[in-house]
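The following block contains the structure, expressed as structure tokens.
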Amino acid sequence: MTSETRSSPSVAAGARDRVLIFDTTMRDGEQSPGASMTIAEKIELAALLEDMRVDIIEAGFPAASDGDFECVRAIAAQSRDVTICGLARAGLADIDRCGEAVRAARRPRIHTFISTSPVHMKHKLRMGENAVLEAIGASVAHARNLVDDVEWSPEDATRTEFDFLCKAIDVAINAGARTINIPDTVGYSHPAEYGALIRRLIETIPNADKVIWSTHCHNDLGLAVANSLAGVIGGARQIECAINGLGERAGNAALEEVVMGLRVRADSLPFETGVDPSKLARASRMVSQITGFPVQYNKAIVGKNAFAHESGIHQDGMLKNAQTYEIMNPEDVGVASTSLVMGKLSGRNAFRDKLKALGYELDQEALNDAFRRFKDLADKKKHVFDDDIIALVDDQMAGAEERMALKRLRVVAGTEGPQEAELTLSIAGVESTALATGNGPVDAVFNAIRKLAPHEAVLELYQVMAVTQGTDAQATVLVRLSEGGLVASGKAADPDTLVASARAYVHALNRLEVRRAKRTGG
């Protein structure tokens, strides 16, 4: 029996070419250094992912911390039809903790794993093959006693000896696993090899037709999406991926690229997902804002330049027929088709409509605040682009409930130093002002903040980017701070680079304070 004739028991009859989308942004994605998310941020992201009709959300690693446990449990409780999954090592205590966390979900899943490659078994597990096989059987059977839906992964599968990999998978299936995931844990494989591995496993293992086969590909060689699609061609019917390709080291397969790859090339890839692509751009912006990780300009599908055309030849072709240089409609992924539409004479209703087109729904108070800031920006800039508005609203949302906020800033700079900054912060509703000098205006601004909010955090990253072109462009500043093993990022946008720098630094301090409180149980 070939893979083409098999159908998954969890997919409706006649829909054998349906590919399930398993989002791991909040689990594997959060493992990116500096990408930690709060419970509130994860709950908001989970709601958007369910609205997008993602099939499975891997909400976290419940045994990792009390915070992760509570987060998975909260997401499970708010879920409707989406499957909520938690990750667990092969230890029974891990699995119990995971089962408790996902129990409130309408569709709970436990995803358990153990390493199977020689290098992992020897150096990480220090276990022999028989001990690993026993652990697989015990862990999957225990998980199946807690939930009906159990997924099992052989970590580092693509560097595992084939015969042992087959034995391990056979044990997992017989113990009750319903999904078998084949991770390319270190991004080592390539499409022809990975697709052939999936196909060979399905053809070799006796009960292969009793489970859903899944891909989980890392991007160390830039092949995660290509490998995932090759796995689907080989017979997999679930793809594990993350928004913006977030994840360990070089990241995971990017959800938006997987979804649109299958959608645009349906002619030669006869598979479909249930994901609503019109929410992809919004999800990308949300993850970028939460983590502080900017999306590269030329990122496929959701990058700033994904639907931008500057070349005269390209522009001429686009004016004649958009299909000359665009293989998908920007509106299909939630990107507005035009860039320059707003100015200082635009009214409130036009601004509200523009926000809606960009994927934002604000209450009246937030709308009024955003419109006031938009008007201030329009007075300073000749042209206000969509990216300006996105940066403005994301900056507003990022600082909505922070303990510290920038109120006023005055900087003296020039060739004669030292440079000087006078800064006022509101801390828990109380305003305080400090004057500081520094080796440059940015250093002076940060020194003034340290006077008002003393801390031991180290500045790991300070990055300035122009949101749009021109000397009046808004500056987006990214700041990353670390303190005692905790890392937090802050992001802010303003036409004044020094104001954006101050706000980004304060935003990072606020997030660091939240994580410090979580660690101490405060």
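Could you tell me how many of the residues in the stretch 25-47 are over 12 Å from the mean Cα position of the chain (by Cα) and either without any contact (Cβ under 8 Å) to a residue 60 or more places away in the chain or farther than 25 Å from GLY187 by Cα (or both)?
6
Given the conditions (1) more than 29 Å from the chain's Cα centre (by Cα); (2) modelled with pLDDT of 95 or more; (3) of a type outside the set (Gly, Ala, Ser), which single one is not true for ASN207?
(2)
Quick one: is ASN252 under 18 Å from the mean Cα position of the chain (by Cα) and on the phi > 0 side of the Ramachandran plot?
When the stated conditions are applied, ASN252 does not pass them.
More than 19 Å from ARG18 (Cα to Cα), at pLDDT 95 or above and buried (at least 22 other Cβ atoms within 10 Å of the Cβ): which single residue out of ALA224, ALA236 fits that description? Show your work before the answer.
Working: ALA236 fails: more than 19 Å from ARG18 (Cα to Cα).
Just one listed residue meets the conditions, ALA224.
Taking the criterion of being crowded, with 19+ Cβ neighbours inside 10 Å and farther than 16 Å from ALA236 by Cα, would at least one residue in the stretch 173-185 satisfy it?
Among the residues of the stretch 173-185, at least one is crowded, with 19+ Cβ neighbours inside 10 Å and farther than 16 Å from ALA236 by Cα, which makes the answer yes.
Please specify each residue of the stretch 425-465 satisfying the condition of being surrounded by fewer than 18 Cβ atoms within 10 Å (Cβ to Cβ), in a loop (DSSP other than H, G, I, E, B) and of a type outside the set (S, T, N, Q).
Residues satisfying the conditions are ALA428, GLY429, GLY440, PRO454, HIS455, GLU456.
Suppose we keep only residues that are modelled with pLDDT under 95 and hydrophobic (A, V, I, L, M, F, W, C) within the stretch 8-25. Which one would you say is surrounded by the most Cβ atoms within 10 Å (Cβ to Cβ)?
VAL11
What number goes with the only condition from (1) modelled with pLDDT under 85; (2) over 30 Å from ARG511 (Cα atoms); (3) surrounded by 16 or more Cβ atoms within 10 Å (Cβ to Cβ) that VAL335 does not pass?
Checking VAL335 against (1) modelled with pLDDT under 85; (2) over 30 Å from ARG511 (Cα atoms); (3) surrounded by 16 or more Cβ atoms within 10 Å (Cβ to Cβ), the one that fails is (2).
Yes/no per residue for (1) under 24 Å from VAL19 (Cα atoms); (2) at pLDDT 95 or above; (3) in contact with a strand residue (DSSP E or B) (Cβ under 8 Å, 6 or more places away or on another chain):
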{"residue": "ARG103", "(1), (2), (3)": "no, yes, no"}
{"residue": "ARG109", "(1), (2), (3)": "yes, yes, yes"}
{"residue": "THR116", "(1), (2), (3)": "no, yes, yes"}
{"residue": "MET127", "(1), (2), (3)": "no, no, no"}
{"residue": "LYS167", "(1), (2), (3)": "no, yes, no"}
{"residue": "ASP170", "(1), (2), (3)": "yes, yes, no"}
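Please determine, by comparing only the residues of the stretch 282-307 that are among the small types (Gly, Ala, Ser) and within 12 Å of the chain's Cα centre (by Cα), which one is surrounded by the most Cβ atoms within 10 Å (Cβ to Cβ).
Once the filter is applied, the top-ranked residue is ALA283.
Let me ask another. List, please: which pairs have Cβ atoms under 7 Å, are six or more places apart or on different chains, and start with a residue in the stretch 361-379 that is surrounded by 14 or more Cβ atoms within 10 Å (Cβ to Cβ) and end with one that is modelled with pLDDT of 85 or more and not basic (Lys, Arg)?
Hits for this filter: LEU362/ALA370; LEU377/PRO495.
Right, something else. So, ILE202, is that one closer than 25 Å to GLY86 by Cβ, aliphatic (A, V, I, L, M) and buried (at least 18 other Cβ atoms within 10 Å of the Cβ) or not?
Answer is no for this residue.
Starting from the stretch 64-76, take each residue that is assigned by TED's automatic domain parsing to the domain that holds GLU100 and over 11 Å from LYS42 (Cβ atoms) and list its partners that are in a helix (DSSP H, G or I) and of a type outside the set (A, V, I, L, M, F, W, C), counting only C-beta distances under 8 angstrom and pairs at least six apart or across chains.
From the stretch 64-76, the pairs are PHE69/ARG97; PHE69/GLU100; ARG73/GLU100.
Turning to a different aspect of this structure: Out of all the residues in the stretch 114-136, which are under 17 Å from ASN174 (Cβ atoms) and buried (at least 18 other Cβ atoms within 10 Å of the Cβ)? Give the steps one after another, and end with the answer.
Quick first cut of the stretch 114-136, residues under 17 Å from ASN174 (Cβ atoms) only: 114, 116, 129-130, 132-136.
ILE114, THR116, VAL132, LEU133, ALA135, ILE136 - these are the residues of the stretch 114-136 that are under 17 Å from ASN174 (Cβ atoms) and buried (at least 18 other Cβ atoms within 10 Å of the Cβ).
The values are calculated or read from the model by the stated rules, or taken from the named source; none is laboratory data. What you see is a predicted model, and the numbers here were worked out from it, not measured in a lab. For neighbour counting, all protein chains shown are included, and Cβ atoms are generated from backbone atoms with ideal geometry for every residue, glycine included.
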